[in-house]
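Report on the following structure.
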Amino acid sequence: MRTTLSTLQKMRDDGEKIAMVTCYDASFAGVLESAGVDILLVGDSLGNVVQGEETTLPVSLDDMIYHTRCVVRGSNTAFIMADMPFGTSQITPEDTFQNAAELMAAGANMVKIEGGEIMSETVEFLIRRGIPVCAHIGLTPQSVHQLGGYKVQGESAHQAKQLMIDAVALEKAGASMLLMEVVPAALAKKITKRLSIPTAGIGAGVDCSAQVLVLYDMLGIYSGKKARFMKNFMTGAESIQVAVENYVKEVKAGRFPGPEHGF
Ligand code: KIV
């Protein structure tokens, strides 16, 4: 049976850490879930690591539907989250629903949408119509040009306050999960404590309910510079399966990420 939203909420409530990894194809979906990964994120990072693009902006809805189908076909038990690519959710709630519905029809269990409180109306529209949403705040790669690069978010008091406002507004709108990317660990901890839904972190410290890494980064295939929050789990592992098992063990035990991976 597939992991459900209620299972994830219960894990969060029981203090059990959730292990999440990005996944783009059927073969890796099988390896990741048999190694104990709870959530497979069909991330639009496939634009970078699969398609060789500089940013995630060129990824289309059709690309996401194709890769979601591949991941769904290759897995039986993991929860499947799919990214809404650039331009497919920064529109009217009605049009966003149509796009999200295509990802759900492809087998996703939840969609992920980048953006802060401004996305609240859209989040509410989707969840009222049966589509669970993970809201993604902090470093939102689809806004890289607006942000002026891939930088830590929430370091100034003003930014930190805004991220807290975003998190609370998105939970109130009905988001079932909140993903924080590259934000100071202390802020992610504060936000996690404030919310009742599971949080997921990438470069956001050890206190989030879930941890996520890009698959290729955790296997030591870095496209460009190795960011501080990445860890190569292939080091000392005799196979990909073992590397992923080690990642899951470290996440569940609260040993990954360490302070050296945070901000
Ligand atoms: O697309 C992706 O891989 C993501 C992660 C960086 C969280 O959104």
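The values are calculated or read from the model by the stated rules, or taken from the named source; none is laboratory data. This one's a predicted model, so the numbers in the text were calculated from it and none came from an experiment. Reconstructed Cβ throughout: ideal geometry from the backbone, glycine too, with neighbour counts over all protein chains shown. Side chains included, ligands, DNA and RNA excluded: accessible areas come from the protein's heavy atoms. Shrake-Rupley method; radii C 1.70, N 1.55, O 1.52, S 1.80 Å.
Here the gap between GLN159 and ASN76, fully extended at 0.36 nm per residue and compared with their Cα-Cα distance, gives a gain of 25.9 nm.
Hey, with R₀ at 35 Å, roughly what FRET efficiency would ILE221 and GLU16 work out to, going by the Cβ-Cβ distance, to 0.05? Could you put the intermediate results ahead of the total?
Details: r = 29 Å, r/R0 = 0.84.
Efficiency, from the Cβ-Cβ distance: 0.75.
The lysines within cross-link reach of LYS249, meaning a Cα-to-Cα straight distance under 27 Å and a gap of 8 or more places when in the same chain, are LYS10, LYS17, LYS112, LYS189, LYS190, LYS193, LYS225, LYS226, LYS231. In loop segments of segment 23-109 as defined by DSSP, the GluC sites (Glu not before Pro) with at most 13 further C-beta atoms inside 10 Å of their C-beta are GLU54. Counting only heavy atoms of the protein chains and using a 1.4 Å probe, LEU195 has close to 0 Å² of accessible surface. Quick one: pull the percentage of alpha-carbon pairs in the chain with a separation above 36 Å. Within the chain, distances greater than 36 Å cover 4 percent of Cα pairs. Taking 0.36 nm per residue of separation and subtracting the current Cα-Cα distance, fully stretching the chain between SER27 and VAL242 would add 75.9 nm.
Within a straight-line Cα-Cα reach of under 15 Å, LYS172 can be paired with the following aspartates and glutamates, leaving aside sequence neighbours fewer than 8 residues apart in one chain: GLU117, GLU121, GLU124.
Ratio of Rg to Rh for segment 1-112, alpha carbon only, Kirkwood?
On the way: Rg = 14.0 Å, Rh = 14.2 Å.
That ratio equals 0.98.
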